[in-house]
Structures are given as C-alpha cells and as structure tokens.
1. Taking the stretch 68-86, which residues are at pLDDT 90 or above and β-branched (Val, Ile, Thr)?
2. Quick check on the stretch 60-67. Is at least one of its residues modelled with pLDDT of 80 or more and open to solvent by 40 Å² or more (accessible area, probe 1.4 Å)?
3. Restricting to the stretch 87-112, name every residue that is part of a loop (DSSP other than H, G, I, E, B) and under 26 Å from residue 39 (Cβ atoms).
4. So how many residues does the stretch 12-43 have that are open to solvent by less than 40 Å² (accessible area, probe 1.4 Å), in a loop (DSSP other than H, G, I, E, B) and touching a helix residue (DSSP H, G or I) at 6+ places or on another chain (Cβ under 8 Å)?
5. Name the pairs: first residue in the stretch 7-19 and of a type in the set (S, T, N, Q), second residue open to solvent by 50 Å² or more (accessible area, probe 1.4 Å), Cβ to Cβ under 8 Å, at least 6 apart or on different chains?
6. Kindly indicate whether residue 95 is over 30 Å from residue 55 (Cβ atoms) and open to solvent by less than 50 Å² (accessible area, probe 1.4 Å).
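The values are calculated or read from the model by the stated rules, or taken from the named source; none is laboratory data. No experiment lies behind these values; they were computed from the predicted model shown. Every residue, glycine among them, receives a Cβ derived from its backbone with ideal geometry; neighbour counts consider all protein chains shown. These area figures cover heavy atoms from the full protein model, side chains too; ligands, DNA and RNA do not enter into them. Shrake-Rupley method; radii C 1.70, N 1.55, O 1.52, S 1.80 Å.
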Amino acid sequence: TIRRKTYSKIPLQGNVYPMPTMAYIEDDHVRFSILSGQPSGVASLKSGVVDVFLDRRLLRDDNRGVAQGVTDNREIVSTFKLLFEPRSTIADRSSLTGYPTLLAHQHSIELL
C-alpha cells in the first residue's frame, strides 16, 4: 500500500485514490483496515474517517480511455471486511509504503 496525503486546496475528486484490495488508517495504538473483494475508490478527508466510493456517474468524458460518460450503472454486490487491530510497534510516519498485517493479508486472500 502507498501512503497518500489529503490536500485541502484541491477538489474532492483529487483526494480520492484507487483501493484495489485494501486501505487502512492508523495511529500509534490502533490500525483500522478495510479489506475489499472488488476495486473501489477511497479517501480519508478528515482525521479518523475513511470514505469508500462504491460507484461513479459522469455525464461527460473524463479522458480516461472511455471516450464517453459513465452512465450505465448496474447493481453489483460489494463485499468488505473491517478489521481493528492493536498496534504493538510505533507507526513509521516517514515511510511511503505500508504493509498489511498477516491477519489482514489472510482475510484479503479469502475475499479475493
């Protein structure tokens, strides 16, 4: 996983990042992980809050290869697991990457 920053000067869509399988937030004592069975968008716009975007609809082309708006939304089944884990080591704030715990990795494989 890659550490992401939230920027208050850009619009909401600039702070939404892809979540292929998992995302987490943590402090020095607790880690909260969201494990997903399907790709989604995720943002953490406030401290201690994680927003998961399940769907999107665009009336105009977003220049991402479709060459048309995304208006054909379909009902899909989304599967998530939420995992709260105590931290035994202090979180490394300088690292740009993070790693899931063994328990989170195991649950992620079960979902996939």
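1. 79
2. no
3. Scanning the stretch 87-112 gives 91, 95, 96, 98, 99, 100, 101, 112.
4. 1
5. Hits for this filter: 15/6; 15/7; 15/45.
6. yes
Okay, residues lined up against (1) hydroxyl-bearing (Ser, Thr, Tyr); (2) in a loop (DSSP other than H, G, I, E, B); (3) modelled with pLDDT under 85:
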position: 7; (1), (2), (3): yes, yes, no
position: 10; (1), (2), (3): no, yes, no
position: 46; (1), (2), (3): no, yes, no
position: 56; (1), (2), (3): no, yes, yes
